[in-house]
Amino acid sequence: MQSIAVIGGGITGVTTAYALAKRGFSVTLFERHRYAAMETSFANGGQLSASNAEVWNHWSTVWKGMKWMLRGDAPLLVNPKPSWHKLSWFAEFVGNIGRYKQNTVETTRLAIAAREHLFAWAQAEGVDFDLKREGILHIYRDKAGFDHAAEVSKLLAQGGLERRAVTPDEMRAIEPTLAGRYYGGFYTESDSTGDIHKFTNGLAAAAQRLGVRILYGQDVERLASDGRQARVTVRAGHGGAQEHRFDGLVVCTGVASRDFAAQLGDRVNVYPVKGYSITVNLLDAASQAAAPTVSLLDDETKLVTSRLGTERFRVAGTAEFNGVNRDIRADRIRPLVDWVNECFPGVNTRQVVPWAGLRPMMPNLMPRVGAGRRANVFYNTGHGHLGWTLSAATAEMVAEQIRDASERAQPRFAGGGVAAASA
Ligand SMILES: Cc1cc2nc3c(=O)[nH]c(=O)nc-3n(C[C@H](O)[C@H](O)[C@H](O)COP(=O)(O)OP(=O)(O)OC[C@H]3O[C@@H](n4cnc5c(N)ncnc54)[C@H](O)[C@@H]3O)c2cc1C
């Protein structure tokens, strides 16, 4: 049996480890935190949203972005201080505008494929993650937004997704708690929501039951490969290091993937696009009744919502280009709370838990899935704003590719082992 190291214990790493274990690989997962899903896969928007598959590479995003740069409370914030990383990312973003339609259709297909695996795994392994299959309602305040969404619907349909236009009256029937005046909406019945942190931890336990060795509290310092043997060097006490050897490895390290890829001779231009969420604790029966159960996406404010069980209501959004910075800014949290007060006035917002996370985003908004330069190095990373939605499909894809590669190169794969190395 071949030994594979999976680096990173977020949603992409855990699903990858699980999919590999199911195929009979001997898997070791390295995660620097004490638990799975403590970074971007901790408190995201919760949406399993094929209906949000539209990639952002569109001229309208660029114009909106420029307009928003002048407003402090805008959904997008760009630190104007230039860096090569940011500039190269934006240049590639614009360079991919020509692939907008193709990539939107492809993302839709991936999102639909992911559902099947994710639901099957949760059921087979008894993972409870507050799954709610009540659809996602996109809401629009003006005709321009609604008309653009109608065009997007055509692309989603090409990818196999059905979503329907709804009138303000129909919107009220779908989600009676939503206050405010709207031009119209689009409803995707087949979409759903759930708690990514709960799911990832549940699946990590299932992976362990399948024999995956999960090494928590392991800060990986360096990755290397000669194409036959992969080496994972982990920081050890007193400035030391420990080297582990495997037949192959998969990089699933979220926003750290760019640096690890560089160590392995690959370019994976992930940029950390920061977002915020609040989790409103619905403390009383009145708040529980006044909070929505259908998931929403407000296109103007770029906020998404999910109802997690009876007692939690999650609201997430905003995009900030400011490097690896995890600070939770009060002035970026405020608009999320205000939005809840405005759209769901019956919800008590006395107790909200703020959070910030970094979306590992590729400039073409497509995840990087597959082999690197070296034959035994693979990536499943860069899922940006849709990692929760897409991971089950990309984990299956990369696991299949690794199986094919290992079958092709069977004689080359040797056994794994551990060796100590000094720093
Ligand atoms: C505000 C917000 C809202 C979002 N809403 C949605 C949504 O509604 N639907 C959706 O589909 N997606 C959503 N996303 C995106 C989704 O959350 C991410 O795409 C996904 O969580 C990324 O998972 P990951 O495994 O790539 O990264 P992570 O979850 O960050 O996992 C990477 C792991 O690698 C580990 N790691 C890194 N470096 C090292 C090292 N040196 N040694 C050891 N371990 C290391 C980290 O500790 C981490 O656990 C949202 C994101 C944000 C920020």
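The values are calculated or read from the model by the stated rules, or taken from the named source; none is laboratory data. Just so you know, these numbers come straight off a predicted model, no measurement behind them. All Cβ positions, even for glycine, are placed from backbone atoms using ideal geometry, and neighbour counts span all protein chains on display. Side chains included, ligands, DNA and RNA excluded: accessible areas come from the protein's heavy atoms. Shrake-Rupley method; radii C 1.70, N 1.55, O 1.52, S 1.80 Å.
Given a Förster radius of 51 Å and the C-beta distance between D169 and R109 as r, what FRET efficiency does 1/(1 + (r/R0)^6) yield to the nearest 0.05?
The computed FRET efficiency comes out at 0.95.
Can you tell me the FRET efficiency between D226 and A144 if r is taken as the Cβ-Cβ distance and R0 is 56 Å, rounded to the nearest 0.05?
Computed FRET efficiency for D226 and A144: 0.55.
Non-local amide H neighbours of L303 (under 5 Å, H modeled in plane, Pro and chain starts lacking H): which ones?
D298
Order of 21-30, 78-87, 155-164 by packing, highest average Cβ count within 10 Å first?
21-30, 155-164, 78-87
Ordered by residue, what ³J(HN,Hα) values in Hz, to whole numbers, does region 327-332 give under the Karplus form 6.51 cos²θ - 1.76 cosθ + 1.60, where θ = phi - 60° and Gly and Pro are x?
For region 327-332, the Karplus-derived couplings read 4, 9, 8, 4, 6, 9 Hz, x marking Gly and Pro.
In square angstrom, rounded to the nearest 10, how much accessible surface does H385 have for a 1.4 Å probe?
It works out to around 40 Å².
Excluding same-chain residues fewer than 8 positions from K67, which aspartates and glutamates have a Cα within less than 15 Å of its Cα?
E300, E320
Run the quick spin-label model on Q208 and R34: label points 7 Å from Cα toward the beta carbon, then report their separation in nm to one decimal.
It works out to 1.4 nm between the two label points.
Quick one: check the C-alpha center-to-center distance for region 292-319 versus region 55-116, whole angstrom.
21
Specify the residue with the greatest mean-square fluctuation among T200, T389, T301, computed from a Gaussian network of the chain linking alpha-carbon atoms under 10 Å apart.
Greatest mean-square fluctuation among the candidates belongs to T301.
Which far-off residues, 5 or more places away or on another chain, put their amide H under 5 Å from the one on L48, with H placed in the peptide plane?
S192, T193, G194
Given an 8 Å cut-off on Cα distances and at least 6 residues of separation, report the relative contact order of the chain as a percent.
In percent, rounded to a whole number, it is 26.
So, in nm, how far is label T310 from label E400 when the simple model puts each one 7 Å beyond its Cα toward the Cβ?
If labels sit at T310 and E400, their model points lie 4.2 nm apart.
To the nearest 10 Å², what's R109's accessible area with a 1.4 Å probe?
120
Which percent of the accessible heavy-atom area of region 3-422 goes to carbon and sulfur, probe 1.4 angstrom?
Ligands and nucleic acids excluded, carbon and sulfur reach 52 percent.
Normalised radius of gyration for region 3-422, please: alpha carbon Rg relative to 2.2 N^0.38 Å, two decimal places. Could you put the intermediate results ahead of the total?
Working: Rg = 21.3 Å, N = 420, 2.2 N^0.38 = 21.8 Å.
Cα-based Rg divided by the globular estimate yields 0.98.
What is the calculated FRET efficiency for S83 to A289, with r their C-beta to C-beta distance and R₀ = 51 Å, to the nearest 0.05?
The value I calculate is 0.60.
Mind checking which of G45, G275, G372 has the largest fluctuation in a GNM of the chain, springs on alpha carbons under 10 Å?
Highest fluctuation among the options: G372.
Which pairs break 27 Å Cα to Cα here: K22/K86; K101/K302; K198/K302?
From the list (K22/K86; K101/K302; K198/K302), the Cα-Cα distance tops 27 Å for K22/K86.
For V55, what residues show an amide H to amide H distance below 5 Å, using hydrogens built from the backbone and excluding near sequence neighbours?
It is T104, by chain and number.
How many nm is it between the label spots at N325 and H238, if each spot is 7 Å from the Cα in line with the beta carbon?
For N325 paired with H238, the spin-label model returns 4.0 nm.
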